[in-house]
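Here the structure is laid out as structure tokens; the discussion comes afterwards.
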Amino acid sequence: MGEWRSRYDSSAAMGVPAHISVLVPFIPPDQLTPEVELYLQALSLDEAAFDFQLTEVRRWPLVVYLAPEPRERFSSLIRAVVNVFPGYPPYGGIHEEVIPHLTVAECEREGACDDPDAVLVEVERAIAGVVPIEAHAREVWLMTGDGRWTLRRVFLFGG
């Protein structure tokens with residue numbers, strides 16, 4: 001899966017590991033305060049670590065992604081953060097429904113893929129044999145960046 005992300009997920013090239021986003025975009029790095037980080041820490045303390053699986057390969061028109069189960073645990077976490085920071089809707093508010101996902105390949109950017117449909121079909125076929133993937137969610141990362149992303153802070157679930 002890493003090979004596909006490095007080739008076809010622009011966030012991988014910017015230093016972002018495979019992930020399920022909680023809230024993007026978020027507060028600009030120069031506006032992050034200790035109080036914001038305290039709110040994020042408090043939210044993470046309310047969450048318990050949990051097991052999940054990446055169960056299915058799915059596709060939007062120009063994106064191949066893995067779907068997590070239980071989906072509701074991620075949706076609940078997203079809602080909790082948005083409730084505290086309502087000025088930062090997920091994906092800038094462009095989607096009516098936020099679907100937790102792990103992007104493997106995207107051909108949305110101009111020139112990202114020579115033949116988007118062929119690339120995404122190839123990726124779907126290649127990763128279909130690796131699911132389900134067992135995983136354990138135990139923390140949320142606060143990453144910041146403008147071009148290249150770096151880890152700013154880790155918030156452990158339940159402390």
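Computed from the coordinates by the stated procedures, all read-outs in this text should not be read as laboratory data. Source: prediction; values computed, not measured. In this analysis, Cβ positions are derived from the backbone assuming ideal geometry, glycine residues included, and neighbour counts consider all displayed protein chains.
Remarks
- With the gyration tensor restricted to C-alpha atoms of the stretch 2-156, the semi-axes of the equivalent ellipsoid amount to 27, 19, 14 Å, longest first.
- Counting every other Cβ atom within 10 Å of each residue's Cβ, His101, His95 order from fewest to most as His95, His101.
- When only Cα pairs below 8 angstrom with a gap of at least 6 residues are kept, the chain shows a relative contact order of 36 percent.
- The chain, helix-only ellipticity at 222 nm - DSSP H runs n ≥ 4, -39,500 (n - 2.57), divided by all residues, nearest 500: -9000 deg cm²/dmol
- Neighbour counts of other Cβ atoms within 10 Å put Glu96, Glu69 in the fewest-to-most order Glu96, Glu69.
- The residues Ile20, Ile78, Ile99, when put in order of fewest to most other Cβ atoms within 10 Å, stand as Ile99, Ile78, Ile20.
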